Amino acid sequence: METTDVFIYGASGHGRVIADILRSCGYSVGGWIDDRPSPDAYSWEDFCSAHPKGSIALGIGDNDARERVFRQVSAAGYCLPILIHPSAVISESATIEEGTVIMPLAIVNAGAVIAKGCIINSGAVVEHDCHLDAFVHLSPRAALAGGVKIGYSTHIGIGASIIQNITIGDHSIIAAGSAVIRDIADHSLAAGVPALIKKSLHKPV
C-alpha cells in the first residue's frame, strides 16, 4: 500500500502551517527535517539514512533558502508534492508545478501559470493569465490583476496590489500594502502607493 506520509523540511511557524495543509489534503505528517539540531527533527543526513524514498514538503518561507532546499531534495530523488488547501479556488486551466503550496482561500484563475516551489499565501489572488516564475512568494492577501508576470524568486508583501499586465523582475521585493502601477526592474525593492523603487537589491560581487 502506498504511504500517504509526507515529511516537512522546516520546523518553524511556516512549517506548522504546511502541516495543517497536509492534513487537510488527506496526508499524514511523517515527521520533521531541519538544519538546526532538535530532538523533534531529523538532520538532513539522518533523514536520508532513515528514509531513502518518499515525499517532502517545504516549510520554508524565505525564497533563497527554499530554493536551496528544493534543489537538495530534488537531487536526492524525493517527491515534492503540490499542496492545495481545499478552500482554495483553482481554475482547471491553471498550471501549477511541483513543490508549490497554495494556502487557504487563495484564488488562481484561468490560464495562470505558477512555476515550481512557489508559495501562494492565504487569501492571495492570482488573476487570469498571470505567470509566476519559480520560487515566488505571494504574501497573504496579495492581489495580482490579469496578465501580471512575477520574476524568479520575487517576494510580494502582504496586501500588495498589482494592476493588469505589469512585469516585476527577478529577485525583487514589493513591500506590504504597495500598489504597483508600472513595471519593476530586477533586484529592486519597491514600496508605496503608487510603488516606487527605493533601492537596488543587487548582492555585492
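The values are calculated or read from the model by the stated rules, or taken from the named source; none is laboratory data. Model, not experiment: these values are computed from the prediction. Note that each Cβ is placed from the backbone with ideal geometry, even for glycine, and that neighbours are counted across all protein chains shown. All accessible areas refer to the heavy atoms of the entire protein, side chains included, with ligands and DNA or RNA removed. Shrake-Rupley method; radii C 1.70, N 1.55, O 1.52, S 1.80 Å.
Sort out which residues of the range 149-205 are in a strand (DSSP E or B) and touching a residue at least 60 places away in the same chain (Cβ under 8 Å), and write them in order of number.
Within the range 149-205, His155 is the sole residue that qualifies.
Among the residues of the range 127-141 satisfying the criterion of being free of Cβ contacts under 8 Å to residues at least 60 places away in the same chain and within 13 Å of the chain's Cα centre (by Cα), which is most open to solvent (accessible area, probe 1.4 Å)? Out of the qualifying residues, it is Asp133. Answer yes or no: is there a residue in the range 20-41 that is open to solvent by less than 30 Å² (accessible area, probe 1.4 Å) and closer than 29 Å to Ile107 by Cβ. Yes, the range 20-41 has at least one match. Within the range 68-84, the set of residues being open to solvent by less than 40 Å² (accessible area, probe 1.4 Å) and either under 18 Å from Val29 (Cβ atoms) or free of Cβ contacts under 8 Å to residues at least 40 places away in the same chain (or both) comprises Val69, Val73, Tyr78, Leu80, Pro81, Leu83.
Restricting attention to the range 85-113, the residues being farther than 11 Å from Val126 by Cβ, outside any loop (DSSP other than H, G, I, E, B) and open to solvent by 40 Å² or more (accessible area, probe 1.4 Å) number 1. Does any residue of the range 60-67 turn out to be touching a residue at least 60 places away in the same chain (Cβ under 8 Å), surrounded by fewer than 20 Cβ atoms within 10 Å (Cβ to Cβ) and in contact with a Phe, Trp or Tyr (Cβ under 9 Å, 6 or more places away or on another chain)? Yes, there is a match, as at least one residue in the range 60-67 is touching a residue at least 60 places away in the same chain (Cβ under 8 Å), surrounded by fewer than 20 Cβ atoms within 10 Å (Cβ to Cβ) and in contact with a Phe, Trp or Tyr (Cβ under 9 Å, 6 or more places away or on another chain).
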